[in-house]
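To start, the structure itself, in structure tokens.
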Amino acid sequence: MTYSEDMATLDAADIGFSEAEPRDYFALLKPRVMSLVVFTALAGMIVAPGAIHPFLAFVAILCIAIGAGASGALNMWYDADIDRVMSRTSSRPIPTGRIKPQEALSFGLVLAAFSVLTLGLLVNWFAGFLLAFTIFFYAVIYTMWLKRSTPQNIVIGGAAGAFPPMIGWACVTGSVSLESIVLFLMIFLWTPPHFWALALYKVGDYEKAGVPMMPNVAGMKSTKRQILFYAVLTAGVGALPYVLGFASPVYGVFSAGMGLVFVQRAWRVFRMQDTDAVMAPAKSLFGFSLVYLASLFAVLLVEGLAVRFGL
Amino acid sequence: MDQVKLTEGQKKVRRRRSVAIALALALLVVLFYVATIVKFGPGMFDRPL
């Protein structure tokens, strides 16, 4: 970039003219996290008793997705310093300089406001309030407070990722119920073994960034014990939709089988040697945890659709 | 008065960003238009003159 009719030649960075592509802004929304949020919110909405107009259901899912994306953008704004030093996150738009932190902040705030207001106006205000609380919880409670101060960061912060099916449920019913709390718990209890499995083999990254993840603070042994503890709880809660009667025996058998595999993978992590450099069991648990959660919600979703269409 | 001259690359990305914003705004218009009809329902025109 240059000043015409002037000798001064200025670097693009001096003027601050953005060179970001639309896809950089899309990356701020953490699309992969967003896809899981959309999926679990949709499952919550379909399983919930009652009717919702299909177009309003589409609007609700869009708002929840944008709201989740907004919290992702706010997270990237605040955590740019950490993202810069971690291999997993160093290519994000802010660390690479494609988007400025204040641009990400404005983008996140505008999307958060739009998604909450639209959900409130077009669907219902209780769901809008839940979405606002979820964004606040992720951006402020987790990102700004817990993440850098306690190894329990992802245990408590996991609530932010667990709210979407509850919001989906609230879009239909306008309330919270025991069933939606179970859907919440399924994700809430799954989060620690999922993230700690990753933290075990990314321990160096978190150490470098100064993030107090469980393996860095409490050590490998304690983390592996806690992974097993939460895996058992996750497997137990995973079967509750059948026990409470809002899922079929097919789901009951499926969730029990998947729960057993989940616990078995966590057991292999528990038995893993501290000197193991490859940490194959931890990688395997991390990969399986994604399959576990997605498949349980997929079965709930299919069963819910079958009930709605009278199959 | 000084004028800022953008490079071709900067013009190109600015155009792409403008198109993305335009599409998002158009989507919002359609969204609120359809949602208004859905919320009012078929009784929208059923009122005494």
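Overview of results
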read-out: Residues of the range A:110-156 satisfying the condition of being loosely packed, with under 15 Cβ neighbours inside 10 Å and small (Gly, Ala, Ser); value: A:Ala113, A:Ser149
read-out: Conditions (1) part of a helix (DSSP H, G or I); (2) of a type outside the set (D, E, K, R); (3) open to solvent by less than 60 Å² (accessible area, probe 1.4 Å); (4) in contact (Cβ under 8 Å) with a residue 12 or more places away in the chain: number failed by A:Trp77; value: (3)
read-out: Residue count, the range A:262-287 (criterion: open to solvent by 50 Å² or more (accessible area, probe 1.4 Å) and hydrophobic (A, V, I, L, M, F, W, C)); value: 5
read-out: Pairs, first farther than 19 Å from A:Asn216 by Cβ in the range A:268-280, second open to solvent by less than 100 Å² (accessible area, probe 1.4 Å), C-beta under 8 Å, six or more apart; value: A:Arg268/A:Pro281; A:Arg268/A:Ser284; A:Arg268/A:Leu285; A:Arg271/A:Pro281
read-out: Hey, A:Ile187 open to solvent by 20 Å² or more (accessible area, probe 1.4 Å), within 30 Å of A:Trp125 (Cα to Cα) and part of a helix (DSSP H, G or I) or not; value: no
read-out: Residue count, the range A:218-250 (criterion: open to solvent by less than 30 Å² (accessible area, probe 1.4 Å), without any contact (Cβ under 8 Å) to a residue 12 or more places away in the chain and not in a helix (DSSP H, G or I)); value: 0
read-out: Number of the condition not met by A:Ala199 [criteria: (1) open to solvent by less than 30 Å² (accessible area, probe 1.4 Å); (2) without any contact (Cβ under 8 Å) to a residue 24 or more places away in the chain; (3) under 17 Å from the mean Cα position of the chain (by Cα)]; value: (2)
read-out: Leading residue by the ranking (modelled with the lowest pLDDT) among those in the range B:1-16 that are closer than 28 Å to A:Asp24 by Cβ and open to solvent by 100 Å² or more (accessible area, probe 1.4 Å); value: B:Gln3
read-out: Residue within the range A:215-236 that is more than 21 Å from A:Ser284 (Cβ to Cβ) and modelled with pLDDT of 95 or more present; value: yes
read-out: Filtered residue count, the range B:5-38, keeping only those that are farther than 20 Å from A:Arg98 by Cα and facing another protein chain (nearest Cβ under 7 Å); value: 4
read-out: Which listed residue is at pLDDT below 95 and not hydroxyl-bearing (Ser, Thr, Tyr), from A:Ala127, A:Ala104, A:Ala159; value: A:Ala159
read-out: Test result for B:Val19, part of a helix (DSSP H, G or I), open to solvent by less than 100 Å² (accessible area, probe 1.4 Å) and modelled with pLDDT of 95 or more; value: yes
read-out: Odd one out for A:Trp77, checked against (1) more than 10 Å from every other protein chain (Cβ to nearest Cβ); (2) modelled with pLDDT under 95; (3) over 21 Å from A:Leu183 (Cβ atoms); value: (2)
read-out: Selected residue (only one of A:Thr275, A:Thr223 is among the β-branched types (Val, Ile, Thr) and touching a Phe, Trp or Tyr at 6+ places or on another chain (Cβ under 9 Å)); value: A:Thr223
read-out: Whichever residue in the range A:80-106 is assigned to a helix (DSSP H, G or I) and of a type in the set (S, T, N, Q) and, among such residues, is most open to solvent (accessible area, probe 1.4 Å); value: A:Gln102
read-out: Yes/no for B:Ile37 being out of contact with any Gly (no Cβ under 6 Å at 6 or more places or on another chain) and open to solvent by less than 100 Å² (accessible area, probe 1.4 Å); value: yes
read-out: Unique residue being in a helix (DSSP H, G or I), among the small types (Gly, Ala, Ser) and more than 21 Å from A:Pro164 (Cα to Cα) when the list is A:Ala294, A:Ala306; value: A:Ala306
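The values are calculated or read from the model by the stated rules, or taken from the named source; none is laboratory data. Note that this is a predicted model, so its numbers are computed, not measured. With ideal geometry, Cβ positions are generated from the backbone for all residues, glycine too; neighbour counts draw on all protein chains shown. Please note that ligands, DNA and RNA were not included when accessible areas were found on the heavy atoms of the full protein model with its side chains. Shrake-Rupley method; radii C 1.70, N 1.55, O 1.52, S 1.80 Å.
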